[in-house]
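Undergrad: I have a structure here, written as structure tokens, and I will follow up with some questions on it.
Every read-out reported here was derived from the displayed coordinates using simple, explicitly stated rules and does not represent laboratory data. It should be emphasised that the depicted structure is a prediction, and the values quoted were computed from it without experimental measurement. No Cβ is skipped: glycine too gets one built from the backbone with ideal geometry, and neighbour counts run over all protein chains shown.
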Amino acid sequence: MADAMEGLTPEEKAAFEEAEQKTHERYELARKVVDLAEGLVVSDSHFLAPAIGQLKSDISPALMIEPFATDGQTLYIEPTRVLATFAKTRKPPIHDIVHVLMHCILMHPFVDDRVERFPWDLASDIIAESLAAEICGAREGDRGEAISVVLEHLKKDLHGPLSTDRLYRALRRGYYHDLMSAWGSIFHVDNHDLWYAAPASSPESGGQQKEGSSSHAPTEYEERHAPNQGSGEEREGSARKTRQQSQQASRNGGEAENEALVRQAGGLGEREREHERDKWQQVAKSINVDLHTLSRERGEQLGDLTNELEIRTHRPQDFREFLRKFAVMQESLHTSDDEFDYVFYTYGLALYGNVPLIEPLEYRDEKRIREFAIVLDTSGSVAGDTIQRFVDTAFDVLHADSTFTERTNIHIIEADAGVESDTKISTPEDLAKWSDHVTVKGFGGTDFRPAFDYIDRLIREGEFRHLDGMVYFTDGFGTYPKRKPPYKCAFIFYDESYRKESVPPWAIQLVLPPEELERESDESESYRAQKAEKRG
């Protein structure tokens with residue numbers, strides 16, 4: 001402040017100090033309005049107290065067109081906007097505060113540089129506003145009615161509870177492209193520029209993301225259920241427009257009215273960002289536990305919030321470790337450096353006195369998958385790239401673990417309302433041939449029972465002698481068998497919206513969304529590259 005007043009005349013200094021005083025007074029008044037709103041939130045929804053205590057508040061370092069902004073660590077308040085709204089409505093901004101809290105609890109601000117900003121911002125705002133309405137009730141007036149209409153429309157279209165990731169994938173795919181601008185105007189509450197601000201240690205990145213990339217791969221589920229979206233070419237055109245808007249928003253985010261906010265507030269460093277994310281993860285877990293125990297009665301009323309918290313607090317399981325559950329111990333003809341022949345060892349001691357003879361064993365015990373069945377749901381809700389990526393990832397894992405032997409017997413079965421095809425895989429070459437000529441058949445209704453009946457027939461015919469297990473890759477919407485099969489069985493769901501209550505208790509369940517498949521695929525490619533480098 002002293003530097004800013006250097007060179008000023010006494011009159012200019014007096015005016016500057018008066019302006020500073022008024023700004024401070026406005027902030028103090030706005031802070032009282034926000035304190036009132038937070039107090040009312042806690043009195044009505046005490047399970048949110050840890051979240052409110054997590055955010056420290058401060059005056060916005062620059063003018064904003066929104067009343068609030070957050071980077072996950074600080075709640076920045078724009079006093080002019082807060083006081084103007086309070087003067088107009090005579091009500092504290094309860095919905096806005098809960099909206100911002102939902103962003104943090106669901107870790108919306110902690111995006112990576114691959115996320116597409118335009119659809120992510122809108123998906124985050126829609127989910128945050130949906131949960132704020134569930135907690136506080138709908139907003140008053142025409143805006144509240146418009147929000148309710150959109151939420152009902154989305155829930156009907158996507159056939160299940162909304163989640164940030166599902167909605168983001170649908171928006172990024174280009175669905176509702178013509179409605180996105182209108183939806184943005186009614187769901188937008190707070191400034192998101194700090195979500196994309198460059199870390200303090202990396203000013204050169206400018207908070208911009210990589211164009212055309214995303215941390216979430218689109219799925220086929222939204223394509224099946226999105227109504228009146230036109231032909232595939234039209235949808236692809238909409239998706240391109242959405243990505244262009246996203247990229248433009250990312251480039252222009254710091255060039256709009258709120259450029260000064262990012263420049264003056266700066267971004268959290270990578271360690272700070274990770275630290276804040278971990279703290280909000282713990283807050284989300286605490287709230288989730290509270291809603292299932294002390295606040296169980298309230299939790300039963302907040303189904304959408306508890307569903308989203310389950311998703312956000314879920315720790316993804318490593319796909320490799322999951323597949324190893326189906327492995328069994330068997331001998332393989334490989335030299336074991338960890339073991340040696342005790343007969344030869346004692347013979348040396350007896351013959352030479354104190355000189356043991358050590359020779360590694362020519363075999364070792366390993367956990368391997370000898371016989372396995374992979375069933376792919378081709379009913380229309382799972383198709384194309386999603387299926388191909390899953391199969392590639394599964395076989396990369398199996399191949400990386402040296403699964404393929406002369407006795408390997410893996411069947412890829414495509415099924416919907418019945419079994420459409422069965423391909424036997426015994427070598428990596430068989431897999432490559434199948435991958436090059438894969439044609440997904442079916443696209444009828446989903447019934448899981450025919451695939452189980454078919455596998456039972458293969459067992460009776462002797463095709464499977466020691467079936468280690470079966471995995472069924474599906475969206476989860478179908479008819480399940482009632483009886484437990486005589487082998488391990490897992491249903492792998494690519495979308496968290498599957499009906500958990502319909503899955504038989506004997507079935508192993510795993511949610512493997514597209515972004516996890518991408519991560520597993522990247523790790524497999526890295527493994528293959530390292531292996532090729534060692535050979536070279």
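Undergrad: Which whole-Hz ³J(HN,Hα) couplings does the stretch 501-509 yield from phi under the Karplus relation 6.51 cos²θ - 1.76 cosθ + 1.60, θ = phi - 60°, glycine and proline marked x?
TA: Ordered by residue, 3J(HN,Hα) equals 5, 8, 6, x, x, 7, 8, 6, 10 Hz.
Undergrad: A follow-up question, please. For the stretch 92-97, what does the Karplus curve 6.51 cos²θ - 1.76 cosθ + 1.60, with θ = phi - 60°, yield as ³J(HN,Hα) per residue in whole Hz, taken in order and with x for Gly and Pro?
TA: x, x, 5, 4, 5, 5
Undergrad: I'd like the trypsin sites (Lys or Arg not before Pro) in the stretch 62-95 restricted to DSSP loop residues with at most 14 other Cβ atoms within 10 Å, sorted by number.
TA: Working: sites: R81, K88, R90; in loops: R90.
Passing both the DSSP loop test and the Cβ count: R90.
Undergrad: Local charge sum around S295 (other residues, Cβ-Cβ under 15 Å, Lys/Arg +1, Asp/Glu -1)? Could the numbers behind the result be given before it?
TA: On the way: positive: K285, R296, R298; negative: D44, E134, D290, E297, E300.
Every neighbour counted, the sum reads -2.
Undergrad: While we're here: Got the relative contact order for the stretch 12-75 handy, in percent, Cα pairs under 8 Å and 6 or more residues apart?
TA: Values: 20 pairs, mean separation 15.2, N = 64.
Answer for the stretch 12-75 is 24 percent.
Undergrad: What distance in nm separates the simple spin-label points at A432 and I65, each placed 7 Å from Cα in the Cβ direction?
TA: According to this spin-label approximation, the distance is 5.5 nm.
Undergrad: Loop only by DSSP, 13 or fewer other Cβ within 10 Å of the Cβ. Give me the GluC sites (Glu not before Pro) in the stretch 86-156 that pass, ordered by residue number. Let's see the in-between values first.
TA: On the way: sites: E116, E129, E134, E140, E145, E152; in loops: E116, E140.
Taking the stretch 86-156 and a limit of 13 other Cβ atoms within 10 Å, the loop GluC sites (Glu not before Pro) found are E140.
Undergrad: Test of understanding: what is the full-extension gain from T423 to D278, defined as 0.36 nm times their sequence separation minus their Cα-Cα distance?
TA: On the way: separation 145, 0.36 × 145 = 52.20 nm, distance 4.46 nm.
Working it through step by step, the gained length comes to 47.7 nm.
Undergrad: How high is the relative contact order of the stretch 1-144? Use alpha-carbon pairs under 8 Å, at least six apart in sequence, and give a whole percent. Please list the in-between numbers first.
TA: On the way: 121 pairs, mean separation 30.4, N = 144.
Rounded, it is 21 percent for the stretch 1-144.
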